[in-house]
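Colleague: What follows is a single structure, and I will ask about it in a moment.
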Amino acid sequence: MLQTKVWRNLIISIAVTIIAVAVLTRSIQPAQTPPSNQSSQTPSSNTSSSTTQVSGVNLYNTYCSACHGSNGSGASGPALNSGSWSDSSKVQTIVKSGKGGMPGFQGQLSDPQIKAIGDYVAALKQ
């Protein structure tokens, strides 16, 4: 019985380590090139504002494309370039809180960044 608990704890420790490495690796991956057939949301230059404008396509490529594909066609996560993802507020809610196997990004991304990702995903079309 003691040996079973030791093995169980060892397996749990290894799983937690693998997940931590995967999350850290994903957060330092370079951004992929934006989809060629999509118009990117370029940041506006507002020098009087201390808030940095965000680019939906750059954020999508950094945080979403590894699972959802560079053009939203899907990979390990579902495709996002269909009409069912055309509601930016729905996308923003999922980006904030997560859903299924997808983690939430609230606390890691600001509200303007989450909005930019939601707007970009809502604009994706097949």
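The values are calculated or read from the model by the stated rules, or taken from the named source; none is laboratory data. The structure displayed is predicted, hence computed values, not measured ones. Note that we place each Cβ from the backbone using ideal geometry, even for glycine, and neighbour counts take in every protein chain shown.
Colleague: Exactly one condition in (1) within 16 Å of N58 (Cβ to Cβ); (2) out of contact with any Lys or Arg (no Cβ under 9 Å at 6 or more places or on another chain); (3) crowded, with 17+ Cβ neighbours inside 10 Å is false for I94; which is it?
Modeller: The single condition I94 does not satisfy is (1).
Let's see how each residue does on (1) under 19 Å from S55 (Cβ atoms); (2) surrounded by fewer than 19 Cβ atoms within 10 Å (Cβ to Cβ); (3) of a type in the set (G, A, S); (4) modelled with pLDDT under 95:
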site	(1), (2), (3), (4)
G83	no, yes, yes, yes
S86	no, yes, yes, yes
P103	no, yes, no, yes
S110	yes, yes, yes, yes
Q113	yes, no, no, yes
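Colleague: Right, next: Please identify the pairs in which a residue from the range 110-126 that is charged (D, E, K, R) has its Cβ atom under 9 Å from the Cβ atom of a residue that is crowded, with 24+ Cβ neighbours inside 10 Å and in a helix (DSSP H, G or I), counting only partners at least 6 apart or on another chain.
Modeller: Listed by first residue and then by second, the contacts come to K115/G56; D119/G56.
Colleague: Is it true that P43 is surrounded by 11 or more Cβ atoms within 10 Å (Cβ to Cβ), in a loop (DSSP other than H, G, I, E, B), modelled with pLDDT of 90 or more and not β-branched (V, I, T)? It would help to see each step written out before you state the result.
Modeller: On the way: surrounded by 11 or more Cβ atoms within 10 Å (Cβ to Cβ): yes; in a loop (DSSP other than H, G, I, E, B): yes; modelled with pLDDT of 90 or more: no; not β-branched (V, I, T): yes.
Taking the combined requirement at face value, the residue does not satisfy it.
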